Every structure is written in structure tokens, then in C-alpha cells.
């Protein structure tokens, strides 16, 4: 399976168009958008049209710029195309996709405890699959992906759940300074996919 994963588009139609061109050129099977599609919930109207025209499945979680209601709205508008990965896990063949959107800071905050619960609940649905892909917005704490200068701003809960559940890959975004960087937690590849997107083959 070939996946195009991206995050932090921030209502930029040019970025969406480039992602659509990349998805078409690479003939991907699935598109994953790991949060922050908008700018404080503005700019979503019509934003994803170039991607939805490709008639490929799109999995979405909210970042700190979207509410859960925004994702519900997109799912309602494109019911045959969009997966709401914040509220539901899903399987494609032998690959399970699970995770949790929002972040551990305002706006659109989720507590670390709630993040643990949602990730675990989501994982339970796909635990019997051969491969598992975890999608979150905020990167795990104390990795290359959450470091800004001397500070680590990632989620402790995300790190703990990676260490506990051991997904094959964890896709995230949020920290603009580390877009495109990759790290490893034990056997899990952790990738800040960023707005340019990453092609991931499973």
C-alpha cells in the first residue's frame, strides 16, 4: 500500500493542489491528513476539493486549529471519501489505522489522559492486523520531532502509547520547525509529515 501523509496545510489551497498532484503522480492508495487543515477553523470551505476529486480515501484528524465538529462536517460532506480517524479506527486489508487528533495545548485541547484512552480504544479495533499505523497531530515527547531549541513540546501520552502499543509507524505534524524529520522509538518509525507530504509504503 502506498500512502501520502501530510499535516499543517493551514488553509493554503496551493499546498492542497500540490498534494493532489503528488497523490496522482504517485498513484497512492490512501491520503492521510494529520491535523491543522485550517487557520483557527477558518478556510475549510472547498479546501479539500482537489483531493476529493481524486476519488481516493482520505483519513483526517483534527489538529489544534480544528474542532471535532469541523471533522464531522467534512465527513458529512464527503461521506464516501473521508474517514474520521479521530473518532473511528479502520482497516484496509491487513493494515490497521488508529489514533487521536487535537493536542495537549489550547485551542482545541485534549488532556493527556483522554489522549491515552482514545488511542487505546482506537487501537483495540485494529489490534489483530498485521501492520498498524498510528496517526496523531502532536509528536511524541523527547524526540527529534518535538524539539524547539532546548525545549521538548510533544505529548507524553503519545510517547507512552507508542512504547506500549508498538505500531509500525506513527505519523504526526504540529511542530513546524521539524517538518519532514523522522525518528525512531524502539521499532516504530515516527514521522513529522508536514505540509509537503510524505510518501509512505507499507
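Things to note:
- Restricted to region 74-95, and to residues there that are farther than 17 Å from residue 56 by Cα and touching a residue at least 24 places away in the same chain (Cβ under 8 Å), the residue that is surrounded by the most Cβ atoms within 10 Å (Cβ to Cβ) is 86.
- Considering region 149-193, the residues that are in a strand (DSSP E or B) and in contact with a helix residue (DSSP H, G or I) (Cβ under 9 Å, 6 or more places away or on another chain) include one that is surrounded by the fewest Cβ atoms within 10 Å (Cβ to Cβ), namely 185.
- Residues of region 28-60 classified as more than 19 Å from residue 80 (Cα to Cα), without any contact (Cβ under 8 Å) to a residue 40 or more places away in the chain and surrounded by fewer than 23 Cβ atoms within 10 Å (Cβ to Cβ), total: 5
- Unmet criterion (only one of (1) over 14 Å from the mean Cα position of the chain (by Cα); (2) assigned to a loop (DSSP other than H, G, I, E, B)) for residue 17: (2)
- Test: residue in region 109-117 that is assigned to a strand (DSSP E or B), in contact with a helix residue (DSSP H, G or I) (Cβ under 8 Å, 6 or more places away or on another chain) and without any contact (Cβ under 8 Å) to a residue 60 or more places away in the chain: no
- Residue within region 71-90 that is in a helix (DSSP H, G or I) and within 26 Å of residue 153 (Cβ to Cβ) present: yes
- Test: residue in region 145-153 that is under 17 Å from residue 60 (Cβ atoms) and either modelled with pLDDT of 95 or more or over 15 Å from the mean Cα position of the chain (by Cα) (or both): no
- Residues that are within 25 Å of residue 177 (Cβ to Cβ), in contact with a helix residue (DSSP H, G or I) (Cβ under 9 Å, 6 or more places away or on another chain) and in a loop (DSSP other than H, G, I, E, B), drawn from region 20-43: 37, 38, 41, 43
The values are calculated or read from the model by the stated rules, or taken from the named source; none is laboratory data. The shown structure was predicted, so the numbers you read here are calculated from the model rather than taken from an experiment. Here Cβ is always computed from backbone atoms with ideal geometry, including for glycine, and neighbour counts include all displayed protein chains.
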